[in-house]
Structures are given as structure tokens and as C-alpha cells.
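Have a look at the structure below before the remarks.
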Amino acid sequence: MSANIPREISIIGEMIGIYCRGKHSDIKNSGNLCKECASLLEYAEGKLRKCPYQEEKPSCKDCSIHCYSREYRVTIRDVMKYSGWRFMVRPPLESLLKYIS
């Protein structure tokens, strides 16, 4: 498995976590994913692990192969749209909060 694949699995897991905490209010404080989001993460991990490109894997948006089924493609697009900028902003904010405290 390419070194990029575990990194991408980690990133998609964080993004799904951000989405789940933001959209599914019943799990905000539990720290766990809801069943739907856990299923999405499991599906995404499976697809990434089976990626035929492995070492030369392009970003999913630039890939010529569409691994996700239509249903999951729509869902993952919603996850990316919701959590994308939040994912980018979160690490600097966490660093700042650690510095202040």
C-alpha cells in the first residue's frame, strides 16, 4: 500500500468526523460517528485500499476512475463541501488555543 493511502484515509476520516459532528446533533459530544457516517467511512477506506493506482494515486477529483457508487459520490461531495474549509482552518485554531492555554 502506498504511503499516500493511509494519509488519505486519515484525512477523509477527519472530514467525515467534522461533517458528522456538525450535521448530526445527536452525536456532537459523544466523539463517535453515527451509523451512516461510520458506514461512509468504512466504504471510503475500502475504496482507497483497493485503489489500482496506489503509488501514483491522483486526487480523487483528478482521477479517471470513479470508485464511489453514485449514491456515495453525492454524499462524499456533501461531506467535502461542508468540512473542507473547516478542516483547513481547524489545525491553526487548535495550535493557537494550545499556545494561549
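Here are some notes:
- Residues Cys63, Cys51 arranged by fewest to most Cβ contacts within 10 Å: Cys63, Cys51
- In terms of surrounding Cβ atoms within a 10 Å radius of their Cβ, Lys81, Lys23 rank from fewest to most as Lys81, Lys23.
- This ranking places Asp62, Asp78 by how few other beta-carbon atoms lie within 10 Å of each, fewest first, which gives Asp62, Asp78.
- Here Lys35 is the anchor, and the lysines within straight C-alpha reach of less than 29 Å, apart from those fewer than 8 places off in the same chain, are Lys23, Lys47, Lys50, Lys57, Lys61, Lys81.
Read-outs: derived from the displayed coordinates by stated rules, not from any lab. It should be emphasised that the depicted structure is a prediction, and the values quoted were computed from it without experimental measurement. Quick reminder, even Gly has a Cβ in these numbers, built from the backbone with ideal geometry, and neighbours come from all protein chains shown.
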